[in-house]
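The values are calculated or read from the model by the stated rules, or taken from the named source; none is laboratory data. All figures in this text were calculated on a predicted structure; none of them were measured in a lab. Cβ sites come from the backbone with ideal geometry, for glycine too, and all protein chains shown count toward neighbours. The area values use the complete protein model at the heavy-atom level, side chains included, leaving out ligands, DNA and RNA. Shrake-Rupley method; radii C 1.70, N 1.55, O 1.52, S 1.80 Å.
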Amino acid sequence: MSKTVFLPGVILVAAFFLAGALETYAQRQQPTPTQDISDKARNVRPELKEAYKRWINQDVAYIITKDERRAFMALQTDEERENFIENFWRRRDPNPDTEENEYREEYYERIAYANERFTSGIPGWKTDRGRIYIAWGKPDSIESHPAGGSYDRPSWEGGGTTSTYPFEIWFYRHLEGVGDGIEIEFVDPTGTGEYRIARNANEKDALLFVPGGGQTLNEQLGLENRADRISGVNANQRFMREQDMPFRRMEIIANLQRPPQVKFGDLAGLAGSDVLEDRNPLNFDLRVDFFRQSDDRVIVTFTVQTDNKELQFQGDGSGIEAARLNIFGRITAVSGKRSGIFEDAVTTYATREELAEARERKSIYQKAIAMTPGTYKVDVVVRDVGTGNRGIVNQGFTVPRYDDKKLSTSSLILASTLRETTERDIGGAFVIGNAKVIPNLAGRYKRGQQVGLYLQVYNAGIDQTTLRPAVDVEYVLKKGNTEIMRQAEDWSGLSDSGQRLTLARLLPTDNLENGEYELMVLTKDRVGGQVIENKGRFRIEP
């Protein structure tokens with residue numbers, strides 16, 4: 001049987017040596033009486049200089065992304081920070097080949113404008129209006145009610161009449177990453193000039209908390225009570241627009257808080273290529289047109305059109321199907337110098353019931369740029385977001401030089417839509433002068449559909465005897481070699497601006513047979529005898 005033997009002497013000796021080792025270690029860790037702890041080096045990051053603090057926290061606070069901010073704060077030297085700032089603006093430069101960075105210049109102009117127009121106790125750049133203006137630019141239109149007062153609610157706000165605080169509604173045709181047809185409402189409930197972004201349409205109602213005051217139609221009919229409206233419950237939701245639905249409105253406001261996207265860098269890398277390796281390339285039409293702006297400037301419009309049947313429509317569960325396109329264009333002079341860039345997103349919507357018909361229609365986009373006369377090339381890349389399919393078109397063009405003393409004309413546009421502009425069209429696409437002109441790039445019209453004709457005539461002069469333009473204009477319609485119609489312009493209802501005449505006419509097609517047609521516009525100077533001939537072709541289909 002084994003025994004356990006205790007050796008107390010050994011244990012005591014081991015304990016003695018252990019205690020001694022601990023004491024020696026502790027002594028080594030204590031500073032000597034002559035050592036000052038404050039002399040030890042500390043690992044402290046140097047504080048940012050005031051100029052860099054201002055840049056990151058004020059100048060670009062609304063447009064810098066989280067990743068960019070994180071990267072900037074990790075930099076160690078001022079040289080690295082200067083390089084970062086230079087690259088930050090270069091990524092956003094629409095025309096990197098010029099000395100000026102147009103985006104940066106416009107951006108600081110926005111800040112100055114916001115501080116001048118929106119300051120109210122706090123700097124303008126800190127206000128809600130200032131933040132939206134600086135980040136997203138000038139709205140396409142503004143509906144302003146600076147004094148508030150009596151207000152007839154539209155149906156989607158519940159109808160009825162009330163009194164409001166001062167408010168404004170800013171309209172943007174498109175905001176990338178936010179949506180199309182965006183309305184942003186600002187309300188000044190304190191009367192101090194500090195407009196705040198409204199979370200719902202009731203925030204501008206000055207009688208909201210007044211019992212029986214400013215009732216909606218539903219309140220008058222007993223279908224809604226004031227407490228529900230105050231809490232945000234709206235019995236009128238079935239009449240509300242999609243963008244006014246509570247969750248959609250919250251989504252829009254949340255998206256507005258995010259920095260605008262730096263768009264389509266991958267498409268920019270494809271611009272200039274002759275071919276794509278995509279198995280299913282996206283086909284689209286491109287048209288370039290010219291309209292005189294001044295002696296040395298010409299408005300050049302780039303119009304892109306695709307068949308919806310080539311696009312993928314995707315639903316979001318709400319019954320609305322959407323097809324989305326990304327468009328990137330780069331303009332280059334013959335010298336190789338880059339002359340401009342445009343990039344945008346286009347969305348086509350359809351309900352499930354309308355989807356089959358929508359697939360037979362087309363999606364169209366237009367960008368207008370002021371350019372100097374000369375020879376250029378444009379490279380346009382279009383991507384269908386749903387399928388990822390891409391297409392590319394490379395096209396050369398010459399911007400004409402308009403002689404200020406010689407009769408001349410713009411491009412002739414055959415349009416699918418031609419009408420006078422309304423207030424909602426201001427700042428939008430397809431607007432030329434005071435006309436809304438949507439070109440028909442395919443040139444196909446259904447019988448009965450009117451063919452829009454748009455042409456500007458420059459330096460026509462005025463006949464002092466008749467007080468009419470000193471030019472003769474004739475419209476000639478041919479089918480093959482057969483002349484179908486010849487009609488002289490009578491100048492009724494046409495507009496002129498200085499040395500510019502605008503011809504905007506609609507050609508009925510009810511009595512035209514199916515087939516190909518050619519429409520000519522002959523413009524003759526009565527004094528010099530100069531004749532300008534513009535032609536356009538179209539097809540009538542059943």
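Kindly flag which residue pairs out of LYS53/LYS138; LYS367/LYS446; LYS479/LYS535; LYS309/LYS377; LYS309/LYS479; LYS377/LYS535 have an alpha-carbon separation exceeding 19 Å in this structure. Listed pairs above 19 Å: LYS53/LYS138; LYS367/LYS446; LYS309/LYS377; LYS309/LYS479; LYS377/LYS535. As a ratio to 2.2 N^0.38 Å, the alpha-carbon radius of gyration computed for the stretch 276-352 takes the value 1.48. For the stretch 397-460, the fraction of C-alpha pairs farther apart than 17 angstrom is 53 percent.
P(r) tail, the stretch 95-160: Cα-Cα pairs separated by more than 20 Å, 49% of all pairs.
Extension gain for ALA51 to THR417 (0.36 nm times residue separation, less C-alpha to C-alpha distance): 126.6 nm.
When the Cα convex hull of the stretch 422-542 is projected onto planes of every orientation, the mean area is 8.9 nm². When every Cα-Cα distance of the stretch 353-465 is counted in 10 angstrom steps from zero, the calculated P(r) takes the values 10, 28, 38, 18, 5, 1, 0 percent. With all projection directions averaged, the alpha carbon convex hull of the stretch 55-116 covers 4.7 nm².
If GLU310, GLU176 are ordered by their accessible area, calculated over protein heavy atoms with a 1.4 Å probe, which sequence runs from highest to lowest?
Reading off the accessible areas and sorting them downward yields GLU310, GLU176.
Note that the stretch 403-542 presents 53 Å² accessible area per residue, ligands and nucleic acids not counted, probe 1.4 Å.
When all C-alpha to C-alpha distances in the stretch 40-188 are sorted into bins of 5 Å, what percent of pairs does each bin hold, rounded to whole numbers? Bins of 5 Å from zero give 2, 7, 13, 16, 16, 14, 10, 7, 6, 4, 3, 1, 1, 0, 0 percent of pairs. Give the separation of the Cα centroids, the stretch 391-428 to the stretch 464-492, in Å. Going from one Cα centre to the other spans 21 Å.
Rounded to 0.05, the FRET efficiency of the GLN312 and THR398 pair, given R0 = 35 Å and the Cβ-Cβ distance, is 0.45.
D for the stretch 282-325, whole µm²/s, Stokes-Einstein with Kirkwood Rh over alpha-carbon pairs at 20 °C and 1.002 mPa s: what number?
Using the Kirkwood radius from Cα pairs, D works out to 160 µm²/s.
In the complete set of protein chains, residue-level accessible area for ASP490 is approximately 80 Å², probe 1.4 angstrom.
Can you tell me, using C-alpha contacts under 8 Å and at least 6 residues apart, the relative contact order of the stretch 111-160 as a whole percent?
Reported relative contact order: 21 percent.
Sequence-distant contacts, meaning Cα pairs under 8 Å at least 6 residues apart, place the relative contact order of the stretch 124-206 at 27 percent. For the stretch 278-391, the solvent-accessible area works out to 46 Å² per residue, with a probe of 1.4 Å and every protein chain left in place.
Each principal axis of the Cα cloud of the stretch 128-200 was evaluated for its coordinate range; sorted largest first, these ranges are 35, 29, 19 Å.
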